[in-house]
1. Which of the residues that make up segment 216-228 are over 15 Å from the mean Cα position of the chain (by Cα) and surrounded by 14 or more Cβ atoms within 10 Å (Cβ to Cβ)?
2. Considering each of Arg213, Arg201 in turn, give the residue that is under 20 Å from the mean Cα position of the chain (by Cα) and among the charged types (D, E, K, R).
3. Taking segment 143-166 as the search range and keeping residues that are open to solvent by 30 Å² or more (accessible area, probe 1.4 Å) and under 17 Å from Ala99 (Cα atoms), which one is farthest from the chain's Cα centre (by Cα)?
4. Do you know which residues across segment 2-12 are over 11 Å from Tyr47 (Cβ atoms) and either modelled with pLDDT under 95 or surrounded by fewer than 24 Cβ atoms within 10 Å (Cβ to Cβ) (or both)?
5. Counting only residues that are farther than 16 Å from Leu218 by Cα, of a type in the set (Gly, Ala, Ser) and at pLDDT 95 or above, how many does segment 148-200 have?
6. Residues that are under 19 Å from Ala27 (Cβ atoms) and not small (Gly, Ala, Ser): which helices (runs of 4 or more DSSP H) entirely in segment 127-225 hold 1 or more of them?
7. Looking at (1) more than 22 Å from Val22 (Cβ to Cβ); (2) touching a strand residue (DSSP E or B) at 6+ places or on another chain (Cβ under 6 Å); (3) surrounded by 17 or more Cβ atoms within 10 Å (Cβ to Cβ); (4) not acidic (Asp, Glu), which is the only condition Tyr140 fails?
8. Go through segment 232-261 and report how many residues are farther than 25 Å from Arg154 by Cα and within 16 Å of the chain's Cα centre (by Cα).
Amino acid sequence: MNYRHAFHAGNFADCMKHALLVLLLQALARKPAAFSVLDTHAGIGRYDLGGTQATRTLEWQGGIGRLLHAPPAGLPPAYLDLVRRAGAPDIYPGSPLIAAMMLRPQDRLVCCELHPEDSHALRALFAGNSQVSVHARDGYAALPALLPPREARRGLVLIDPPFEQPDEFTRLAEGLKAAHRRFATGILAGWYPIKHRAPVRAFLDSLRDSGMRDIVALELTLRPPLDPTRLNGCGLVVINPPFGFVEAALPALRALTHLSPDGTGEATVTRIVEE
């Protein structure tokens, strides 16, 4: 993928990832005890849909643009509410801004962003927000240092890499394993693209063989994943999914199949490893 996220902000993959993120955070917020969120590949936090990069691809028009115009049944209402609060239709929020907007006073957010310009923009976005800290460092390398969360025994780790490197599936699997070693009780989520099935199968097999328990894979495809040169879909693997999450996630994924241009979209939830 040609990666600076501003080119892709608000596309169908963002909508899928962020709708599920909202459901995960809502589940954490059901209990009064504090929770912590670690976003390892945070980006800049908010994206100008009228900017040069977004208008070059116009991917958002087939994603959040359609959802705002005609919200399908099953999509979490809180997701679109947060998007509107962030400034839609001109601005689309990234995962750190969505998480920050959902924090309660006792919760906190830790963001990692390696790109110097992006980490600077992220710091500016959260300047003065004592609940959010930004680290200009590699998110994978930061996992052992930042986990387990010091302030909370409950939390979510979101690993959302850019998939610029050919070994990114392997790095994601190793990152999830590293996070689990340090924070075995946490909710661990990893986003991945679906171009064709072979690398996805190998990735999920590596998690199945890892010894970790309670793993589900949630996937959305807009078209059959047969062309390895196209982003045909995406997935979110969740380790230790919270109670009720899977039941809420499937209607959300089915709602997002309406974004398929030719009506061939599919939504699946697969248990990779039992509890």
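1. Restricting attention to segment 216-228, the residues satisfying the condition of being over 15 Å from the mean Cα position of the chain (by Cα) are 221-228.
Hits for segment 216-228 are Thr221, Leu222, Arg223, Pro225.
2. Details: Arg213 fails: under 20 Å from the mean Cα position of the chain (by Cα).
Result: Arg201 is the single residue among Arg213, Arg201 that is under 20 Å from the mean Cα position of the chain (by Cα) and among the charged types (D, E, K, R).
3. Among those that are open to solvent by 30 Å² or more (accessible area, probe 1.4 Å) and under 17 Å from Ala99 (Cα atoms), it is Glu151.
4. Residues of segment 2-12 over 11 Å from Tyr47 (Cβ atoms): 2-3, 12.
If the condition is that a residue be over 11 Å from Tyr47 (Cβ atoms) and either modelled with pLDDT under 95 or surrounded by fewer than 24 Cβ atoms within 10 Å (Cβ to Cβ) (or both), then Asn2, Tyr3 are the ones that fit.
5. Looking only at that region, the number is 7.
6. Details: elements: 139-146, 168-182, 197-208.
Fully inside segment 127-225 and qualifying: 168-182.
7. Unmet for Tyr140, out of (1) more than 22 Å from Val22 (Cβ to Cβ); (2) touching a strand residue (DSSP E or B) at 6+ places or on another chain (Cβ under 6 Å); (3) surrounded by 17 or more Cβ atoms within 10 Å (Cβ to Cβ); (4) not acidic (Asp, Glu): (2).
8. Step one: list which residues in segment 232-261 are farther than 25 Å from Arg154 by Cα, which gives 232-234, 251, 253-261.
Remaining after also requiring within 16 Å of the chain's Cα centre (by Cα): 233-234, 253, 256.
Residues that pass the stated criteria total 4.
The values are calculated or read from the model by the stated rules, or taken from the named source; none is laboratory data. This structure is a prediction, so every number in the text was calculated from the model and none was measured. When we count neighbours, we look across all protein chains shown, and the Cβ atoms used for this are built from the backbone with ideal geometry, even at glycine. All accessible areas refer to the heavy atoms of the entire protein, side chains included, with ligands and DNA or RNA removed. Shrake-Rupley method; radii C 1.70, N 1.55, O 1.52, S 1.80 Å.
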